[in-house]
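Chemist: Quick one: the structure is below, and I'll ask about it shortly.
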Amino acid sequence: MISAQNLSHTAPVDQVGVAVRLQMKPAGAARGFVDGGWWPHSEDPANEFPALVVALGAWVGPVSRMSYHLDTWHAVARKMPVQGRVVRCGGFRSMDAHTVEVIGSDGRRVSLLVVPPGTPGGTARAVLRSAAGDDSTASVADNLASNGVTPSTGDSSPLGTTSRTAEPAPEQRWETEGGHLHAPA
């Protein structure tokens, strides 16, 4: 069996053959704001999150939850099936716009710096290397800025230039997850 320590800087391939652009800190690395970096191909979580979930299995085991910045990503179902398991997705405006957090079923978690999808290749790879460095303790904003990426602040399109679809109202989520609202009499 391959241990997570031996996989610290690999780029796994997802189910359709596209490389997951991910770099993780090696075991024993300095603790900092993030445990590694991820450079998604798009801002569509339905396309991006499943491959990331599969790739992070070596670090957190079976993934049970994913947290992301609500205004950074397009809308996604709150429950996402990945390889026969259900992963709960939660969007929060209180999170850093350039991070995702992935939590395994046993509580292990990783926080990843998210490189904006449209970032030029050389710059994006430099950010990934920096985030996954043995001695990296820089904040997300400092890591991005030191590599030439202007970190976004505020609620408008942190990873790109298009506006986000608002998260469904709690009542709409309830109905799509199996609950039913009673019609007024």
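The values are calculated or read from the model by the stated rules, or taken from the named source; none is laboratory data. Predicted, not measured: the structure shown is a model, and the values here were computed from it. Cβ sites come from the backbone with ideal geometry, for glycine too, and all protein chains shown count toward neighbours. Accessible surface areas use protein heavy atoms only, side chains included; no ligands, DNA or RNA. Shrake-Rupley method; radii C 1.70, N 1.55, O 1.52, S 1.80 Å.
Chemist: Only one of (1) hydrophobic (A, V, I, L, M, F, W, C); (2) over 14 Å from Trp39 (Cβ atoms); (3) in contact with a helix residue (DSSP H, G or I) (Cβ under 8 Å, 6 or more places away or on another chain); (4) surrounded by 17 or more Cβ atoms within 10 Å (Cβ to Cβ) is not met by Val100, so which one is it?
Modeler: Looking at each condition in turn, Val100 falls short on (2).
Chemist: So Lys79 ticks every box in (1) modelled with pLDDT under 95; (2) charged (D, E, K, R); (3) surrounded by fewer than 16 Cβ atoms within 10 Å (Cβ to Cβ) but one. Which box is left unticked?
Modeler: All conditions are met except number (1).
Chemist: For residues in the range 40-63 being out of contact with any Gly (no Cβ under 7 Å at 6 or more places or on another chain), part of a loop (DSSP other than H, G, I, E, B) and open to solvent by 20 Å² or more (accessible area, probe 1.4 Å), which is farthest from Ala141 (Cα to Cα)? Outline the logic, then answer.
Modeler: Filtering the range 40-63 down to residues out of contact with any Gly (no Cβ under 7 Å at 6 or more places or on another chain) leaves 40-42, 44-59.
Those still in the list that are part of a loop (DSSP other than H, G, I, E, B) too: 40-42, 44, 56.
From the residues that got through so far, the ones that are open to solvent by 20 Å² or more (accessible area, probe 1.4 Å) too are 41-42, 44.
On the way: His41: 20, Ser42: 20, Asp44: 22 Å.
Only one residue fits best here, namely Asp44.
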